[in-house]
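Here is the structure we will look at, set down as structure tokens.
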Amino acid sequence: MPILLPRPLLLVLAASLFACASQTPPPHPPGAPLAAAAPAKGYDARGQAKPCEPPPAECPAVSPDRELADRCSLGGFRMIQCGCEMLCGGNPGSGEKQAYDAEGHGKACAPAKDDCTPEPARAAFQDACSEKGHKLQVCGCEWLCSGNPAP
């Protein structure tokens, strides 16, 4: 069963994909040593990690798998182009949403419990969450932020 998203959200997601895809990293300064870092990882629809290499110039236009893009977004991640394919910047897992407490600890966002009303979230937590562009949500029986509110 496909997940239907509101039209404004789809437009925002599409615009951000195109905006991020057109950005290029700054050039490496001449004479500076290259860092020997492992390439970043991207995750496919099965949750398998893959090394994320910059896309070669000869890649055709790449469009993300819609189900993966939805799970990626709901998990608090963004889609990234790795080589000639679009992958999720974090492990979208089985579709369970990731949320964060006031200290920035990630937790699985369980469905809200009908028989429980969480205590109101602290104002500082609300502010930190919204200032980072995220939203507070009830997970289980507690308020969590849809993204990491910690600095």
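The values are calculated or read from the model by the stated rules, or taken from the named source; none is laboratory data. The structure presented is a predicted model; accordingly, all values stated were derived computationally and were not measured. Positions of Cβ are generated from backbone atoms using ideal geometry, with glycine treated the same way; all protein chains shown enter the neighbour counts. These area figures cover heavy atoms from the full protein model, side chains too; ligands, DNA and RNA do not enter into them. Shrake-Rupley method; radii C 1.70, N 1.55, O 1.52, S 1.80 Å.
For segment 81-151, give me every one of the strands (runs of 3 or more DSSP E) that falls completely inside it and has 3 or more residues that are under 30 Å from residue 51 (Cα atoms) and free of Cβ contacts under 8 Å to residues at least 40 places away in the same chain.
Details: elements: 85-88, 98-100, 106-108, 136-139, 142-145.
By residue number, no strands (runs of 3 or more DSSP E) qualify.
Every residue in segment 68-118 that is farther than 22 Å from residue 135 by Cβ, in contact with a Cys (Cβ under 7 Å, 6 or more places away or on another chain) and open to solvent by 20 Å² or more (accessible area, probe 1.4 Å), please.
Once the filter is applied, which keeps residues that are farther than 22 Å from residue 135 by Cβ, in contact with a Cys (Cβ under 7 Å, 6 or more places away or on another chain) and open to solvent by 20 Å² or more (accessible area, probe 1.4 Å), segment 68-118 yields 80, 84.
Only one of (1) over 22 Å from residue 53 (Cα atoms); (2) open to solvent by 20 Å² or more (accessible area, probe 1.4 Å) is not met by residue 65, so which one is it?
Residue 65 satisfies all of (1) over 22 Å from residue 53 (Cα atoms); (2) open to solvent by 20 Å² or more (accessible area, probe 1.4 Å) except (1).
State which residue is surrounded by the most Cβ atoms within 10 Å (Cβ to Cβ) when the search covers only segment 126-148 and only residues that are under 14 Å from the mean Cα position of the chain (by Cα) and more than 22 Å from residue 113 (Cβ to Cβ).
Step by step, filter segment 126-148, then rank; the result is 148.
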